[in-house]
Structure formats: C-alpha cells, structure tokens
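Asker: Could you have a look at this structure, given as structure tokens, before my questions?
Quick note: the coordinates plus some simple rules give every number you see, no bench work behind them. Computed from a predicted structure; not experimentally measured. Every residue, glycine among them, receives a Cβ derived from its backbone with ideal geometry; neighbour counts consider all protein chains shown.
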Amino acid sequence: MMNDTWQRLKSDRYGMGGLMVVAAFAFIAICVWSGLLGQGWSEVSGNRWESASASHWFGTNLLGQDIFQRTLFGTATAFEVGLIVTLCSTILGALLGALSGWYSNGWLDEVILWIKGVLDSIPFYLFAAAIAYALQGNTWAMHVAMIVTFWTTTARIIRGEVIRIKQREYIEAAQAIGLPDLLIIFRHVLPNTFHILLVQASIVFVAAINTEVILSFLGLGIQDGVSWGLMLAESSQEVLAGHFGNFIAAGSFLFILLMGFNLLADSLQDAVDTRRVIQ
C-alpha cells in the first residue's frame, strides 16, 4: 500500500511541490537544531530598525536584533511544536479511538465519546488559550493545551475505521483462535489505520503551527526563544512606526510553510484514500 501511495503522490505535481517546500523548511529546522543556522537570533548586532542589507538580509528590529536570524530560529520553533503536538495527539487519538471503536456501544466507548463531546463543545481557541493561561510559566503549557484539544478528531476518525476493520474475516479468525483483544488491536487493527493517521498527522501539524502563532501572539505561547508568533506580536507596534521587517519575514515564512503543508496534506489524502473517508 505504501508503494502505491508514493506512486500516486509522485504523479501529483502539487503534492510534490508541497513536499519540497516542507522538506526545505525541515532542512532549515535541522540546521538550527544542529547549531548551523539561527544561533544569533538574540544578539544585538546592529542599530534599531536597520533596512535590509548584506549584513542583515531582512533588517533589524527595535532592539537591533537580526530579523533573518530570528526568522530561521522561528522555523525550528514551528517544527518543534508541530512534531511534539502531532506525535502526542496522534498517538493519544489513535489509542483512544481504537479502544472506543473496538468496544463500541460499551461503557468504555461511552466514556471516551463523552469526554470527546465535552472537549469538542468548547470553542477551540478559547479552550487552548484557557489551558495555556492556567499553566502559564510551564514550558510545556502550550503543548499540553494543543494535545488536549487535538486528539479528539483523530479519535473520531480512527473509531469509525476500527468499527469497519473489526468486521473483517482475519479479525474474526484472530478472535476465534483466542488472541487477546489488546494484541489484536495493536497487531492487526492499528497497523491498518496507518494511512489515515498519516494524513491526519499532516493536518494536525498545520493546526499546531497555526495555534502556536496565535497563542504566542497573545503572549500565551513560546516563553523562551523566538517564534513567528512573537515576531508578529512585535511587528504590531513596528508597523505603526513604518517598519515592516518582522511582519513581512514572519508572515511570509508562515504563509509558505502552511501552503506547502496544505498542498501535501490534500495530495496525501487523495493518494492514501481514494474514497476520501476523511472529511
């Protein structure tokens, strides 16, 4: 299946374009994590609000910090948040969704659906902001806020898929020979939902980056370091003074990355699921 998915994805020029954009940004993030790029993001290396030049490609901000260095470091921040939130929320959603689907119409299913219904009934950004504010001062506050709110969609999708898969003959055969339910779920059921989880993870990644930017803009996100959200928050004052370096740099990088991820997610969805079971 994975080979067929890759072949369909390769034939989609928009999907491959999105993949190249994401790969380019991922390369920047890896270079930042390796200490090769963006390490001077906090250094005052010029005068305030310098124009773009050979020494400061995007100019400097109010404090004289290099905007280009800060933009590169913001790329690593975006990927760090995206990876952590995507992995944790996808794993949590897959596990709870699988249990809910396997024991559908049972008490465990009802409890999971009730929790999911409660979380889904609260306005998303309001709930994420409330959790981040309640845990303010904790380095992982924003991550926890997003994980708590993002797992529900994945769980809903996986629940429906598991209900369908457990009717298959090979699952009935596994039950007939006495394999434990959890072994069947982890060995035979969840592996067959990987294609769905792959698409959902790409969607969550985009949502995580968007949410980080919004929360950081509101002062509830990144506390140590710099992100595109913090740069946009800085630009809200700089734009009034006629300086657009922060706004253009952070806004452009955010737009290009999200556009690339959206193109890739749409193409992945078509490549792995021709019936488009994910809405």
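Asker: Nearest 0.05, what FRET efficiency do Ile84 and Ile163 give at R0 = 22 Å with Cβ-Cβ as r? The partial results should precede the final answer.
Answerer: On the way: r = 30 Å, r/R0 = 1.35.
My answer for the efficiency is 0.15.
Asker: Now a separate question. What are the equivalent ellipsoid semi-axes of region 191-260, built from the alpha-carbon gyration tensor (square roots of five times its eigenvalues), in whole angstrom, biggest first?
Answerer: Semi-axes (√(5λ), whole Å): 30, 13, 7.
Asker: Averaged across orientations, what area in nm² does the convex hull of the alpha carbons in region 58-115 project?
Answerer: Hull-based average projected area comes out at 5.7 nm².
Asker: Let me ask another. Quick one: what are the phi-derived ³J(HN,Hα) couplings along region 68-84, Karplus 6.51/-1.76/1.60 with θ = phi - 60°, whole Hz, x for glycine and proline?
Answerer: Whole-Hz 3J(HN,Hα) from phi for region 68-84: 4, 4, 5, 5, 5, 5, x, 4, 5, 4, 4, 5, 4, 5, x, 5, 5.
Asker: Using only the Cα atoms, what convex hull volume per residue in Å³ does region 130-279 have?
Answerer: Output value, Cα hull per residue: 134 Å³.
Asker: Working from the alpha-carbon coordinates of region 95-145, get Rg over Rh, Rh being the Kirkwood radius.
Answerer: Checking Rg against Rh, the ratio lands at 1.14.
Asker: Quick one: putting +1 on the C-beta of Lys and Arg, -1 on the C-beta of Asp and Glu, what dipole do you get for region 68-227 around its Cα centre, in Debye to the nearest 20?
Answerer: 160
Asker: Let me ask something else. Quick check on region 1-91: what are the equivalent-ellipsoid semi-axes from the Cα gyration tensor, as sqrt(5λ), descending, whole Å?
Answerer: Sorted largest first and rounded, they come to 34, 16, 10 Å.
Asker: Based on the mean of other beta carbon atoms within 10 Å per residue, what is the order of 182-188, 168-174, 55-61, 17-23, most packed first?
Answerer: 55-61, 17-23, 182-188, 168-174
Asker: Principal axes first, then extents: for the Cα atoms of the chain, list largest minus smallest coordinate on each axis, whole Å, largest first.
Answerer: Computed over the Cα atoms, the extents are 74, 45, 29 Å.
Asker: If you take the Cα atoms of region 14-64, find Rg, then find the Kirkwood Rh from the mean of 1/r over all pairs, what is Rg/Rh?
Answerer: Numbers: Rg = 14.7 Å, Rh = 12.8 Å.
Radius of gyration relative to Kirkwood radius: 1.14.
Asker: Using θ = phi - 60° and the Karplus curve 6.51 cos²θ - 1.76 cosθ + 1.60, what whole-Hz ³J(HN,Hα) does each residue of region 35-45 get, with Gly and Pro shown as x?
Answerer: Those phi angles translate into x, 8, 9, x, 6, x, 5, 9, 7, 8, 10 Hz.
Asker: Now for a different question. Regarding region 46-144, what's the average projected area of the Cα-atom convex hull, expressed in nm²?
Answerer: Its average projected convex-hull area is 8.9 nm².
Asker: Same structure, new question: Along its principal axes, what span do the Cα atoms of region 110-196 show, with the longest given first and each in whole Å?
Answerer: For region 110-196, the Cα extents along the three principal axes come out at 52, 25, 24 Å.
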